[in-house]
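S.K.: Below you'll find the structure I mean.
The values are calculated or read from the model by the stated rules, or taken from the named source; none is laboratory data. Treat the numbers as computed from the prediction; the structure is a model and nothing was measured. Cβ atoms come from the backbone with ideal geometry, glycine included; neighbour counts cover every protein chain shown.
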Amino acid sequence: MAVSNNGRRFVLLMPWGRVGSNLVAATLARSRDIRIDNEPTTRIRTFGERDGVPKEDQAQQQLAELETFLAEDPDDMRAAGLKLSYRSLIEPRVYLARLRAAAVPLVLMTRKNHLKCAVSQLRARVRAGALSTAWQSPWAVRAQEPKPGPVEIDPAETVRLAKLFERLHAETLKAVRRVYGDDWLSVEYAELAASPKSVIGRICDWTGLDQPETEDLPHRKATSDDLSEDVLNYTELASAAEAAGFADMLSRAPG
């Protein structure tokens, strides 16, 4: 049973990215009764590091932004959601504890196949450098866009990122369990990819939201389950993945 705040606030938390959060957030945001604040903590940390802002000041900015989010505007009757990357949080335990104290229902979105997270991340980076129009996003492919074609990626960087995704996954789970106990909803990428409408319905039930229109989903999967279809130097990638202990994640199964 989710903690209750009358369906006014909720949070979508992910270790970093590549877990299907753009699909969920975009689908929920179709409703005029729901707004999504998209990774404000990432924005604060990105610009803070660029501008040399001390970490403690970045943390205070993140918490101040959170207080603004939690404060209900009597003129805005919409439910409001936060989409957050755990990696962006300067003081994750303090931040999550504030959400918990405010009785904000939490949905944790994860992806157990860390290698595919890494491949998807690197493919998005390649795509970011090749986009021809301002409305396109490298991080989410719209339903009407063609699926991005195969690219060559760096096997060593793929392994490095896979290990980073693996570590962030473990850290996020530990932090959520410490603060929320068992009172949170788990959404795994393979489950979302297999049955997105059903999973989005479960998220709505957990957070107290009305079910949005899901007949035509706004985004499509950008990387094939069979990585050999989308990685030009797949043989080299597979060798590096196997040597690093990620052989099982080369599976063609959804994930």
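S.K.: Which pairs do you get when a residue that is over 20 Å from LEU96 (Cβ atoms) and touching a residue at least 60 places away in the same chain (Cβ under 8 Å), found in the stretch 53-77, comes within reach of a residue that is of a type in the set (Phe, Trp, Tyr) and not in a helix (DSSP H, G or I), reach meaning Cβ atoms under 7 angstrom, with the pair 6+ apart or on two chains?
M.R.: Close Cβ pairs (under 7 Å, with a partner that is of a type in the set (Phe, Trp, Tyr) and not in a helix (DSSP H, G or I)) do not exist here.
S.K.: Then there's this: Pick out, from the stretch 1-88, the strands (runs of 3 or more DSSP E) lying fully within it that include 3 or more residues that are in contact with a strand residue (DSSP E or B) (Cβ under 8 Å, 6 or more places away or on another chain) and at pLDDT below 95. Can you show your working first?
M.R.: On the way: elements: 9-14, 34-38, 79-85.
So the answer is 34-38.
S.K.: Only one residue in ALA243, ALA194, ALA253 is under 17 Å from MET109 (Cβ atoms), among the small types (Gly, Ala, Ser) and surrounded by fewer than 16 Cβ atoms within 10 Å (Cβ to Cβ), so which one is that?
M.R.: Values: ALA243 fails: under 17 Å from MET109 (Cβ atoms); ALA253 fails: under 17 Å from MET109 (Cβ atoms).
None of the other options fit; the residue is ALA194.
S.K.: Just one of (1) assigned to a loop (DSSP other than H, G, I, E, B); (2) modelled with pLDDT of 95 or more trips up PRO146, so point out which.
M.R.: Result: PRO146 passes all but (2).
S.K.: Same structure again: Within the stretch 215-240, restricting attention to residues that are assigned to a helix (DSSP H, G or I) and either aromatic (Phe, Trp, Tyr) or in contact (Cβ under 8 Å) with a residue 12 or more places away in the chain (or both), which residue is surrounded by the most Cβ atoms within 10 Å (Cβ to Cβ)?
M.R.: So in the stretch 215-240, the residues assigned to a helix (DSSP H, G or I) come out as 227-229, 234-240.
Applying the additional criterion that residues be either aromatic (Phe, Trp, Tyr) or in contact (Cβ under 8 Å) with a residue 12 or more places away in the chain (or both) yields 227, 229, 234, 236-240.
Working: LEU227: 24, GLU229: 13, TYR234: 20, GLU236: 16, LEU237: 26, ALA238: 18, SER239: 13, ALA240: 19.
This residue is LEU237.
S.K.: Inside the stretch 38-65, can you point out the residues that are surrounded by fewer than 18 Cβ atoms within 10 Å (Cβ to Cβ), acidic (Asp, Glu) and farther than 12 Å from ILE90 by Cα?
M.R.: Those that are surrounded by fewer than 18 Cβ atoms within 10 Å (Cβ to Cβ), acidic (Asp, Glu) and farther than 12 Å from ILE90 by Cα: ASP51, GLU65.
S.K.: So GLN121 clears everything in (1) under 13 Å from the mean Cα position of the chain (by Cα); (2) closer than 12 Å to MET14 by Cα except one condition, right? Which one?
M.R.: (2)
S.K.: Oh, and also: Could you please give the count of residues in the stretch 221-255 that are touching a helix residue (DSSP H, G or I) at 6+ places or on another chain (Cβ under 6 Å) and not aliphatic (A, V, I, L, M)?
M.R.: So the count comes out to 7.
S.K.: Return only the number of the condition from (1) under 15 Å from the mean Cα position of the chain (by Cα); (2) at pLDDT 95 or above; (3) of a type outside the set (Val, Ile, Thr) that TRP139 does not satisfy.
M.R.: (2)
S.K.: Here are some conditions: (1) surrounded by fewer than 16 Cβ atoms within 10 Å (Cβ to Cβ); (2) out of contact with any strand residue (DSSP E or B) (no Cβ under 9 Å at 6 or more places or on another chain). ASP183 meets all but one. Which one does it not meet?
M.R.: If we test ASP183 against (1) surrounded by fewer than 16 Cβ atoms within 10 Å (Cβ to Cβ); (2) out of contact with any strand residue (DSSP E or B) (no Cβ under 9 Å at 6 or more places or on another chain), just (2) comes out false.
S.K.: Would you tally the residues in the stretch 173-214 being in a loop (DSSP other than H, G, I, E, B) and either in contact (Cβ under 8 Å) with a residue 40 or more places away in the chain or farther than 20 Å from ILE34 by Cα (or both)?
M.R.: The first filter runs over the stretch 173-214 and keeps only residues in a loop (DSSP other than H, G, I, E, B), leaving 181-184, 195, 208-214.
Retained after the next criterion (residues that are either in contact (Cβ under 8 Å) with a residue 40 or more places away in the chain or farther than 20 Å from ILE34 by Cα (or both)): 181-184, 195, 208-210, 212-214.
Number of matching residues: 11.
S.K.: While we're on this one: Need the failing condition index for LEU12 against (1) in contact (Cβ under 8 Å) with a residue 40 or more places away in the chain; (2) surrounded by fewer than 18 Cβ atoms within 10 Å (Cβ to Cβ); (3) of a type in the set (A, V, I, L, M), just the number.
M.R.: Looking at each condition in turn, LEU12 falls short on (2).
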